[in-house]
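The values are calculated or read from the model by the stated rules, or taken from the named source; none is laboratory data. Computed from a predicted model, the values in this text were never measured in an experiment. As a convention, Cβ positions derive from the backbone with ideal geometry for all residues, glycine included, and neighbour counts pool all protein chains shown.
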Amino acid sequence: MDQTLSREMTILIIDEQALAQNYLRYTLEKLGYSQVQFTDKAQTALAMCKERQFDLIICSFNLQQGKDGYQLYEELKVRRLQKLSTGFIFISAETDPSLVYSVLELQPDEFLAKPYTMRDLQSRIERVLKRKLELRPIYQWLEHGRPDRALQQLDHMLAQGQAPKLVPVLLRFKGDLLLELADFAKARQFFQSVLAVQPFGWARIGLVKALRGNGETELANTQMQQLEMRGESKLFVLEQLAEQEFAADEFEAAQQHLEQAAQLAPRNLYRQQKLLQLSRLNHDYERQYKTARDMLKFARFSMYEQPDLYLNLARACIDFAVSVDEDGETNRLSKQATECLTNLRSQFPDVDVKQQQLVIQARLQYLKDHKDKAQKMLEELDNQDVHIDNIEDALDKAKALHEVGLTQLSKSWFDRISVYCQQQQTDPYLKSYLQQERSERAELATAPRELNNIAVMHFQHGNWQAAQAAFAHAFRLLPKNAGIALNLLQSVLMSPQNSAPKERQALIQSCLNTIEKGKLNPEQSRRFEQLKQKHLAPL
């Protein structure tokens, strides 16, 4: 054992496997550590961490009972239940990329893959403890809320001439502090000086952040192009690209990049929330549903589990069900929405969400074509109460009112939501979606599925222009619906060619893309084959 480290260092071990606990106990005893405590549950570990401070925590990622290791460490960090000088080592038998990327985002001190040797464990423990001990003066200033003094302490340590292995750690720490202090001009100069010596990925990421903070957007974009799409840089680049595309109203491209980032590190709920808003902006209700499902999955047992996640998944189930034609899929999604409400009542029995549940139940009735019953349920709500506590609750009510034909009440709620957003610091992604939803609902007297039915009636009576306009409007609102795409395609191909050839061809191709990716019922498939043989053979 490193003689500069005290044998009285306090260590907490969290692992639910008795064999792993015994091996760790034996190893730590051989290494001379005597102040060691063990538990097999994250919840127990959390309680222990609230009662005392540890010098080191060694935690298995793969905890099956309640919270897992990721959720434990995240809560310890966010709620600051341990000092910054407490070391944290993850141990895991899994090395799946999505796990590794998720863990890397939390920035533990070490990640040790099973199986490992006594020498491996000794090396990691002593490296972490020694580094934490040497950085303690900096941590103390940060814990007192003085990043400026922490930076002074760090500069003093660099001037003293630290051990070569510690210098890269101190340099990275300095860059983080400069960014935290929003001293972007000095941060820019610092990261450039580091990169002139060695091309650290963290320094290039820091330079991009400093340039953006300094308002040098074009130069930041140039620097970002030099970042390699690997490790921590990959997530950073994908998120930066999504931000740029969102700012340029390129919502589909932004969604694609955020999807890639979410696939790499799916446990980041803030990223998932952005992805959910983007999917709604793009009318991609399947992605919205999958993202809402993932958010609830990864929030389960964590500090982020809350009633809204259950409500939003139920809402996403309904939005997705409204956008598809297949009865089996609609029934499955309706059932899942109902299960969400049941699970919500089970997990949060004391939370009053009666109004929110009533709106969801009304939307489920509408989904079953019981429009009158849904309308009656919504009319019983107190629609004169203008107070908004939660945007998603208010939005769901506005959407439900519009679906059943209470358009004036719906407009009134959208107006209230708009005023509320102006008074609050609303997330830009959600704000953009709300603006789009308000605009689209204002120009649409009926729900998209009913609009499609109206278009069918126009088509059957030979009102080609009205039919095509209605189909196009429905398709814009439900761009993933293969049945609506087929109806629009048929309308375009069979009606007189009033639109420009390029526009017509682009619309045809868009319909074909949706049909190819979607699912048609037998009757629709036969109709599509007939259209291809009669109208699309030369294309």
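Numerical summary
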quantity: The range 286-297 residues that are surrounded by 23 or more Cβ atoms within 10 Å (Cβ to Cβ), paired with ones that are charged (D, E, K, R) (beta carbon under 6 Å, 6 or more apart); calculated: Gln288/Arg280
quantity: Residue in the range 209-231 that is in contact (Cβ under 8 Å) with a residue 24 or more places away in the chain and under 20 Å from the mean Cα position of the chain (by Cα) present; calculated: yes
quantity: Residues of the range 219-233 classified as surrounded by fewer than 18 Cβ atoms within 10 Å (Cβ to Cβ) and of a type outside the set (Ser, Thr, Tyr), total; calculated: 9
quantity: Scan of the range 497-526 for residues that are in a helix (DSSP H, G or I), aliphatic (A, V, I, L, M) and in contact with a helix residue (DSSP H, G or I) (Cβ under 9 Å, 6 or more places away or on another chain), ordered by number; calculated: Leu507, Ile508, Leu512, Ile515
quantity: Inter-residue pairs, beta-carbon under 9 Å, first free of Cβ contacts under 8 Å to residues at least 24 places away in the same chain and in the range 438-449, second in a helix (DSSP H, G or I), 6+ apart; calculated: Glu443/His473
quantity: Criterion (within 27 Å of Asp68 (Cβ to Cβ) and charged (D, E, K, R)) met by exactly one of Arg131, Arg119, Arg149; calculated: Arg131
quantity: Matching option when the condition is in a helix (DSSP H, G or I) and farther than 18 Å from Pro448 by Cα, among Ala398, Ala374, Ala394, Ala362; calculated: Ala394
quantity: Exclusive hit being out of contact with any Gly (no Cβ under 6 Å at 6 or more places or on another chain), surrounded by fewer than 16 Cβ atoms within 10 Å (Cβ to Cβ) and on the phi < 0 side of the Ramachandran plot, set Lys399, Lys373, Lys411; calculated: Lys373
quantity: Residue count, the range 450-482 (criterion: in contact with a Gly (Cβ under 8 Å, 6 or more places away or on another chain) and either at pLDDT 85 or above or of a type in the set (Lys, Arg) (or both)); calculated: 3
quantity: Only listed residue being more than 34 Å from the chain's Cα centre (by Cα), within 30 Å of Ala299 (Cβ to Cβ) and surrounded by fewer than 17 Cβ atoms within 10 Å (Cβ to Cβ), chosen from Gln43, Gln65, Gln37; calculated: Gln37
quantity: Check on Lys373, under 24 Å from the mean Cα position of the chain (by Cα) and basic (Lys, Arg); calculated: no
quantity: Complete set of residues in the range 344-356 that are among the polar types (S, T, N, Q) and exposed (fewer than 15 other Cβ atoms within 10 Å of the Cβ); calculated: Ser346, Gln347, Gln355
quantity: Enumerated helices (runs of 4 or more DSSP H) restricted to the range 270-347, each holding at least 2 residues that are in contact with a Cys (Cβ under 9 Å, 6 or more places away or on another chain) and over 30 Å from Leu76 (Cβ atoms); calculated: 307-323, 327-347
quantity: Failed condition for Leu129, given (1) under 35 Å from the mean Cα position of the chain (by Cα); (2) assigned to a helix (DSSP H, G or I); (3) over 25 Å from Tyr26 (Cα atoms); calculated: (3)
quantity: Criterion: touching a residue at least 60 places away in the same chain (Cβ under 8 Å), in contact with a strand residue (DSSP E or B) (Cβ under 7 Å, 6 or more places away or on another chain), surrounded by 13 or more Cβ atoms within 10 Å (Cβ to Cβ) and within 25 Å of Tyr139 (Cβ to Cβ) - qualifying residue of Leu56, Leu31, Leu24, Leu12; calculated: Leu56
quantity: Checklist (1) touching a Leu at 6+ places or on another chain (Cβ under 8 Å); (2) of a type in the set (Val, Ile, Thr); (3) under 18 Å from Arg127 (Cβ atoms) applied to Ile14, failing item; calculated: (3)
quantity: Failed condition for Lys534, given (1) modelled with pLDDT under 90; (2) charged (D, E, K, R); (3) under 27 Å from Asp319 (Cα atoms); calculated: (3)
quantity: Any hit, the range 502-519, residues being touching a residue at least 60 places away in the same chain (Cβ under 8 Å) and either in the same structural domain as Lys399 (by TED's automatic domain parsing) or within 20 Å of Asn282 (Cα to Cα) (or both); calculated: yes
quantity: Residue tally, condition within 20 Å of the chain's Cα centre (by Cα) and part of a helix (DSSP H, G or I), over the range 401-444; calculated: 7
quantity: Any hit, the range 487-496, residues being touching a residue at least 24 places away in the same chain (Cβ under 8 Å), part of a loop (DSSP other than H, G, I, E, B) and hydroxyl-bearing (Ser, Thr, Tyr); calculated: yes
quantity: Unique residue being touching a helix residue (DSSP H, G or I) at 6+ places or on another chain (Cβ under 8 Å), within 24 Å of Leu5 (Cα to Cα), of a type outside the set (Ser, Thr, Tyr) and at pLDDT 90 or above when the list is Leu129, Leu56; calculated: Leu56
quantity: Residue match in the range 342-360 (condition: at pLDDT 95 or above, under 30 Å from Glu523 (Cβ atoms) and not assigned by TED's automatic domain parsing to the domain that holds Gln43); calculated: no
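Yes or no, residue by residue, for (1) assigned to a helix (DSSP H, G or I); (2) touching an Asp or Glu at 6+ places or on another chain (Cβ under 8 Å); (3) farther than 25 Å from Leu219 by Cβ:
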{"position": "Asp148", "(1), (2), (3)": "yes, no, yes"}
{"position": "His156", "(1), (2), (3)": "yes, no, yes"}
{"position": "Pro164", "(1), (2), (3)": "no, no, yes"}
{"position": "Leu170", "(1), (2), (3)": "yes, no, yes"}
{"position": "Lys174", "(1), (2), (3)": "yes, yes, no"}
{"position": "Leu177", "(1), (2), (3)": "yes, no, no"}
{"position": "Ala185", "(1), (2), (3)": "yes, no, no"}
{"position": "Gln189", "(1), (2), (3)": "yes, no, no"}
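Results for (1) surrounded by 20 or more Cβ atoms within 10 Å (Cβ to Cβ); (2) outside the structural domain of Tyr310 (by TED's automatic domain parsing); (3) of a type outside the set (Lys, Arg); (4) assigned to a helix (DSSP H, G or I), shown as yes or no for each residue.
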position: Lys209; (1), (2), (3), (4): yes, yes, no, yes
position: Leu241; (1), (2), (3), (4): yes, yes, yes, yes
position: Ala253; (1), (2), (3), (4): no, yes, yes, yes
position: Gln263; (1), (2), (3), (4): no, yes, yes, yes
